[in-house]
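S.K.: Please see the structure below; I have some questions.
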Amino acid sequence: MKTETIAIHAGNHVDGSSKAVIQPIVLSTTFERGEDGNFPGGHIYSRASNPNRALLENVIAKLEGGADAAAFSSGNAAGMSVFQSLAPGTHIICPDDMYHGLRNQLKNLFAGILTFDFIDVNDSEVLQQHIRPETGVIWVETPSNPLLKITDIKKVVAIAKAKGIKVVVDNTFATPICQLPLTLGADIVMHSTTKYFGGHSDLMGGALITAEKSEWWAKIRQVQEMGGAIPSPTDCFWLVRSIKTLPYRVKGHVNNAQLLAEFLEQHPKVERVLYPGLPSHPQHQIAKEQMLAFGGMLSFIVKGDEDDTHNIINKLKIFTRATSLGGVESLIEHRATMEGPDTKTPFNLLRVSVGLEHIDDLIADLSSALA
Ligand SMILES: Cc1ncc(COP(=O)(O)O)c(C=O)c1O
């Protein structure tokens, strides 16, 4: 089946008893055992599994082309479950512009348990230099947040596989509509489903998708079940509902982002636009080869200082000043002040989550704010 069909059908089936066309929300935390002590409904207790979560995990696994998926209560909970599944002393190689929430998690919660380096993962020489005997995972985030840097997944996988190292790709910015890391050799894909999967800025969630049901995956499932950072049945229901329109929403985001990037690139008040769909992007060629589409996120660097940058966003009428991404409404963010004191993000950079409003209105809004 094609992506659009999977998105609509793999998370839903007609309910066996009520014949409801849309799966009902199963709020029960516990499930009746048969006289023989078994669990005829396939579920025991909702922390371990629940009908709504099972459907959500099925559609996400199918969209990414994986063998299985595990849903979590947030993207950070999904990332944390990967870290918790690793043996103490494991070394992780991470991108130097890794999503700051996960970078902070490693630095603050895993120091002394795991070891890690933050490097330019796309630089093969630097990557090889940092591999140690105890390196267990190379973490990839592409396009990265907020610099939209592209990492060549196949190249990283080749280096990792030669040394028996696993590759995890944070695919939040791309979504499976724009990029399928498992087909490029990655072992696990991570998502903040808070973003494009949810798509309406109204729920939190995360997911991991595995290429194969390995021993490592069984450990991750244990972390999910025993740690309990799971989404509620209601959140699973809303996510399944939103995923049905994911392919069409993402196509709209991508179209608008490309047009907005082209408009900004021509603007005299803009120093640089960071969008993988622009030929001027330093890794445009890699993006063209490994992505199906270039995504709905872009950043741009304003000609001016931090005050000039704030002045621009304060004049906008349609774009909302807020963090996060992937919702139908356009958001704009002064990223450096969100990332905290150790940020490497330029203070004249603005990150845009391009929404699904009409492109003419978005361009007109930015045009008058930049004037
Ligand atoms: C690339 C990326 N990964 C992970 C996360 C964490 O997701 P959540 O906020 O759902 O915990 C985010 C959130 O902004 C993100 O942008």
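The values are calculated or read from the model by the stated rules, or taken from the named source; none is laboratory data. Note that the structure is a prediction, hence the values are computed from the model and not measured. In this analysis, Cβ positions are derived from the backbone assuming ideal geometry, glycine residues included, and neighbour counts consider all displayed protein chains.
S.K.: Which ones in region 279-310 are in contact with a strand residue (DSSP E or B) (Cβ under 9 Å, 6 or more places away or on another chain) and surrounded by fewer than 21 Cβ atoms within 10 Å (Cβ to Cβ)? Talk me through it step by step, then tell me what you get.
M.R.: Initial filter on region 279-310 (in contact with a strand residue (DSSP E or B) (Cβ under 9 Å, 6 or more places away or on another chain)): 280-281, 296-304, 306, 308-310.
Residues satisfying the conditions are Ser280, Ile301, Lys303, Gly304, Glu306, Asp308, His310.
S.K.: Right, something else. What are the residue pairs meeting all of these: first residue in region 152-171, first residue free of Cβ contacts under 8 Å to residues at least 40 places away in the same chain and surrounded by 14 or more Cβ atoms within 10 Å (Cβ to Cβ), second residue of a type in the set (Lys, Arg) and assigned to a strand (DSSP E or B), Cβ atoms under 8 Å, and 6 or more apart or on different chains?
M.R.: Partner pairs satisfying both residue conditions: Ala160/Lys166.
S.K.: From the set of residues in region 188-209 that are among the hydroxyl-bearing types (Ser, Thr, Tyr) and under 21 Å from Val167 (Cβ atoms), which is nearest to the ligand (Cβ to nearest atom)?
M.R.: Checked region 188-209; the qualifying residue nearest to the ligand (Cβ to nearest atom) is Ser192.
S.K.: Now a separate question. Quick check, is Pro279 in contact (Cβ under 8 Å) with a residue 24 or more places away in the chain, in a loop (DSSP other than H, G, I, E, B) and not assigned by TED's automatic domain parsing to the domain that holds His191?
M.R.: Numbers: in contact (Cβ under 8 Å) with a residue 24 or more places away in the chain: no; in a loop (DSSP other than H, G, I, E, B): yes; not assigned by TED's automatic domain parsing to the domain that holds His191: yes.
It is false that Pro279 is in contact (Cβ under 8 Å) with a residue 24 or more places away in the chain, in a loop (DSSP other than H, G, I, E, B) and not assigned by TED's automatic domain parsing to the domain that holds His191.
S.K.: Here are some conditions: (1) in a strand (DSSP E or B); (2) closer than 19 Å to Ile209 by Cα. Gly66 meets all but one. Which one does it not meet?
M.R.: So Gly66 meets the others, but not (1).
S.K.: I would also like to ask the following. With the requirement that a residue be away from the ligand (no atom under 13 Å from the Cβ) and of a type in the set (D, E, K, R), what does region 78-105 give you?
M.R.: Matches in region 78-105: Asp96 only.
S.K.: Please find, among Gly42, Gly65, the residue that is assigned by TED's automatic domain parsing to the domain that holds Gly206, surrounded by 12 or more Cβ atoms within 10 Å (Cβ to Cβ) and at positive phi.
M.R.: Details: Gly42 fails: surrounded by 12 or more Cβ atoms within 10 Å (Cβ to Cβ).
Result of the check over Gly42, Gly65: Gly65.
S.K.: Would you call Asn108 of a type in the set (S, T, N, Q) and either in a loop (DSSP other than H, G, I, E, B) or within 12 Å of the ligand (Cβ to nearest atom) (or both)? Spell out how you get there, then give the answer.
M.R.: On the way: of a type in the set (S, T, N, Q): yes; either in a loop (DSSP other than H, G, I, E, B) or within 12 Å of the ligand (Cβ to nearest atom) (or both): no.
Taking the combined requirement at face value, the residue does not satisfy it.
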